[in-house]
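Report on the following structure.
The values are calculated or read from the model by the stated rules, or taken from the named source; none is laboratory data. Predicted model, so just to flag it, every value in this text is computed and none were measured. Cβ atoms come from the backbone with ideal geometry, glycine included; neighbour counts cover every protein chain shown.
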Amino acid sequence: MHVVKDHLISEAPSYRERRRMIQHYFDRTAVEAWARLTSTAPVSGIRATVRAGRETMRNHLLSYLPDDLSGRRVLDAGCGTGAMAVEMARRGAEVVAVDLSPTLIQLARDRTPTDLGGGSIEFRAGDMLSPQLGTFDHVVSMDALIHYQSRDVVRVLEGLGQRTRRSVVFTFAPQSLFLAGMMMAGKLFPRGDRSPAIYPVRERALRRMIERDAAMRHWQVGRTDKVSRGFYISQALELTRR
């Protein structure tokens, strides 16, 4: 039987290197810009489209979860500044919100309201695949896996799936001419403050990789929604236990 171990995924060279780059970017390069983008402060037209797109995508992912999450444990994998975690906690969930960046985790803690209704949030800085996080009913990962190659995305899904009882909902970067053009522009005009590269993938190809993976045989692909708002392009995908 094919069994995937979390620590083996975490130590794969490609995954480990991307993890390092992402942590460096959010901890040292983009802290102020990211804090502003995820607030209500005025931003440029381009960043306003990203903010609006992210809000729409967050609502899509939340719609894949039950309205009442009381008694359920949920992992927010790549929680950023904690907006998703707050909404899930307000539905009654026991949320574990993890991000590679200690700086973003502290910002998330500072922004979390004192009244979360019947839910709770435990913020942790670290790897979403850490076995110390325990097991979950649901996993949500918004725009965290877009920085990894498709083979590593599937490996991450394998690892998360081993510790999840009900559903995994995540986003990926859908391959498109517009997104390819933006990526090319970034290569032509490199800057030190650019975020780690995004790896687009076709939905059909990603579905096929998941469906053919022996370790994912207990999972099936469900709903999907694509959000394209100016400079924000992302697609949600739902996996549910058979």
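What is the one condition in (1) within 17 Å of the chain's Cα centre (by Cα); (2) modelled with pLDDT of 95 or more; (3) over 22 Å from E87 (Cα atoms) that H218 does not satisfy?
For H218, the failing item is (1).
Could you name every one of the helices (runs of 4 or more DSSP H) located completely within region 3-122 that has at least 3 residues being at pLDDT 95 or above?
Fully inside region 3-122 and qualifying: 45-63, 83-90, 102-111.
If you take the residues in region 22-35 that are within 19 Å of the chain's Cα centre (by Cα) and loosely packed, with under 15 Cβ neighbours inside 10 Å, which one is farthest from T112 (Cα to Cα)?
Across region 22-35, the extreme among qualifying residues is H24.
If S234 passes every condition in (1) modelled with pLDDT of 95 or more; (2) among the small types (G, A, S); (3) closer than 22 Å to G45 by Cα; (4) surrounded by fewer than 16 Cβ atoms within 10 Å (Cβ to Cβ) but one, which one does it miss?
(4)
Quick check: anything in region 64-87 over 25 Å from G161 (Cβ atoms), surrounded by fewer than 21 Cβ atoms within 10 Å (Cβ to Cβ) and without any contact (Cβ under 8 Å) to a residue 24 or more places away in the chain?
no
Please find, among S70, S120, S39, S44, the residue that is in contact with a Gly (Cβ under 8 Å, 6 or more places away or on another chain) and of a type in the set (S, T, N, Q).
S70
Out of F123, F172, I need the residue that is buried (at least 23 other Cβ atoms within 10 Å of the Cβ) and out of contact with any Asp or Glu (no Cβ under 6 Å at 6 or more places or on another chain). Which one?
F172
A quick yes/no check of all residues on (1) in a strand (DSSP E or B); (2) among the aliphatic types (A, V, I, L, M):
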| position | (1), (2) |
| --- | --- |
| I198 | no, yes |
| A205 | no, yes |
| R208 | no, no |
| T224 | yes, no |
| E238 | yes, no |
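Looking at region 94-109, is at least one residue hydroxyl-bearing (S, T, Y), surrounded by 17 or more Cβ atoms within 10 Å (Cβ to Cβ), under 25 Å from T40 (Cα atoms) and touching a residue at least 60 places away in the same chain (Cβ under 8 Å)?
The answer is yes; a qualifying residue exists.
So which residues in region 126-151 are out of contact with any helix residue (DSSP H, G or I) (no Cβ under 9 Å at 6 or more places or on another chain) and either part of a helix (DSSP H, G or I) or modelled with pLDDT under 95 (or both), if there are any at all?
Passing the criteria: Q132, L133.
Across region 205-242, what is the number of residues that are of a type in the set (G, A, S) and over 25 Å from P66 (Cβ atoms)?
So the count comes out to 5.
Between a first residue in region 152-172 that is of a type in the set (S, T, N, Q) and at pLDDT 95 or above and a second residue that is outside any strand (DSSP E or B) and surrounded by 23 or more Cβ atoms within 10 Å (Cβ to Cβ), which pairs have beta carbons less than 6 Å apart while being 6 or more apart in sequence or on different chains?
Close Cβ pairs satisfying both conditions: T171/M142.
What do you reckon, is M142 in contact with a Gly (Cβ under 8 Å, 6 or more places away or on another chain), surrounded by 24 or more Cβ atoms within 10 Å (Cβ to Cβ) and over 30 Å from A205 (Cα atoms)?
So M142 fails the test.
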